[in-house]
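Below is one structure; the comments refer to it alone.
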Amino acid sequence: MPKPFQPSGHPERESARLPYFDYTAARAYFITLCVLGRRCLFGRVTEARNDLSPLGKLVDSEWAAVATHRPGISLICHVVMPNHFHAIVRLPERQKANRTNVDQPRKFAPLATGSLSAVVGVFKSVVTRKAREQGLTRPKQKLWQPRFYDRVIRTSEEFARIDRYIADNPLNWSRDRENESRTGENDFYRWLDSLGKDDDTGG
C-alpha cells in the first residue's frame, strides 16, 4: 500500500528515514515542513495571493540564505503558505559520498553532514531561534512539527508536476490539505500517494 501524503500527521516513530537511500545523494527532493498544530502563523492567502506575516517573511528569507551557507546546493523553487512550507531542493555532489542506489536496501545510517535532514534541521533551528530573538514567537514556543515530508524526485514528469503544484499553491489554497477550512481536495495528493512508498517523514 502506498503511504499517504500526510505532512501534518503524526506517523509511528519506528524510523524517519528510508533504509535504502543515501540522503546525501545529489538528487532533487520535494520537501514539506508544517507549523506545529497547523496554526496559520506565516500569513494568509488573499485573492489567491500570499500575504506573508513577519514570521512568514523570515521563513522566506532564511530559506534563500541556505544557498549562501551550503555551496553547490540548488534551491529550485519554494512557497511559504500560511501554515506550511514546500520546496524543491537539489543537493550538491559529494566526492567521497558512499553512493547507494535508490532501489538497493541498506541499513539505517546516522544523520550525515550535508544530508537532506541536516539541511532541513539547521533551517528549522535557525528560523526558530531568530523568530524568538525578534519577538515573533514566545521565548520557548515550538514552531515546527518535529518531522517533515520528503520525496526523492525520480523523473522529469514528477519534477514538472511538483514544480507546478508549488507555483500554484496560493491559487489552490481553498483545496489544500493543510487548510482546515478547505472546500475541496486537490488531486495532487491522490497522484502523489499513487507513486508509492518512495517517500517518508524525516526529522
**OP:** Evaluate Rg over Rh across segment 28-202, taking Cα atoms for both radii and Kirkwood's formula for Rh.
**Re:** 0.96
**OP:** Could you tell me the number of lysine pairs in segment 28-202 with C-alpha atoms less than 13 Å from each other, where the two lysines are 8 or more residues apart or belong to different chains?
**Re:** 4
**OP:** Over segment 28-202, calculate the relative contact order: mean separation of alpha carbon pairs under 8 Å at least 6 apart, over the residue count, as a percent.
**Re:** 29 percent
Original post:
Could you put GLU47, GLU180, GLU62 in order, starting from the residue whose Cβ has the fewest other Cβ atoms within 10 Å?
Top reply: GLU47, GLU180, GLU62
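Provide the FRET efficiency to the nearest 0.05 for the ARG164-LEU52 pair, computing r from the beta carbons and using R0 = 22 Å. Show your work: numbers first, answer last.
Numbers: r = 21 Å, r/R0 = 0.96.
Taking R0 as 22 Å, the efficiency between ARG164 and LEU52 is 0.55.
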Subject >> Relative contact order for segment 137-197, counting Cα pairs under 8 Å that sit 6 or more residues apart, in percent >> reply: 15 percent
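Ranking CYS77, CYS40 by Cβ neighbours within 10 Å, fewest first, what do you get? All intermediate terms of the calculation are to be shown ahead of the outcome.
Details: CYS77 14, CYS40 18.
Result, fewest neighbours first: CYS77, CYS40.
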**OP:** Net charge near PRO71: determine it from the other residues with C-beta under 15 Å of the C-beta of PRO71, scoring Lys and Arg +1 and Asp and Glu -1.
**Re:** +2
Original post:
From the phi of every residue in segment 142-158, what ³J(HN,Hα) in whole Hz does the Karplus formula 6.51 cos²θ - 1.76 cosθ + 1.60 yield, where θ is phi - 60° and glycine or proline is x?
Top reply: 7, 9, 9, 5, x, 10, 9, 8, 9, 9, 6, 7, 9, 10, 5, 5, 4
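For LYS130, LYS124, LYS142, what ranking results if the residue with the fewest other Cβ atoms within 10 Å of its Cβ goes first?
So the residues, fewest neighbours to most, are LYS142, LYS130, LYS124.
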Original post:
If you stretched the chain out fully between ARG182 and ARG138, how much longer would it get, using 0.36 nm times the residue separation minus the C-alpha to C-alpha distance?
Top reply: 13.0 nm
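Since every read-out is calculated from the coordinates, none of them should be taken as a lab result. Just so it is clear, the structure is predicted and the values come from calculations on it, not from any experiment. Glycine gets a Cβ as well: all are built from the backbone with ideal geometry, and neighbour counts include every protein chain shown.
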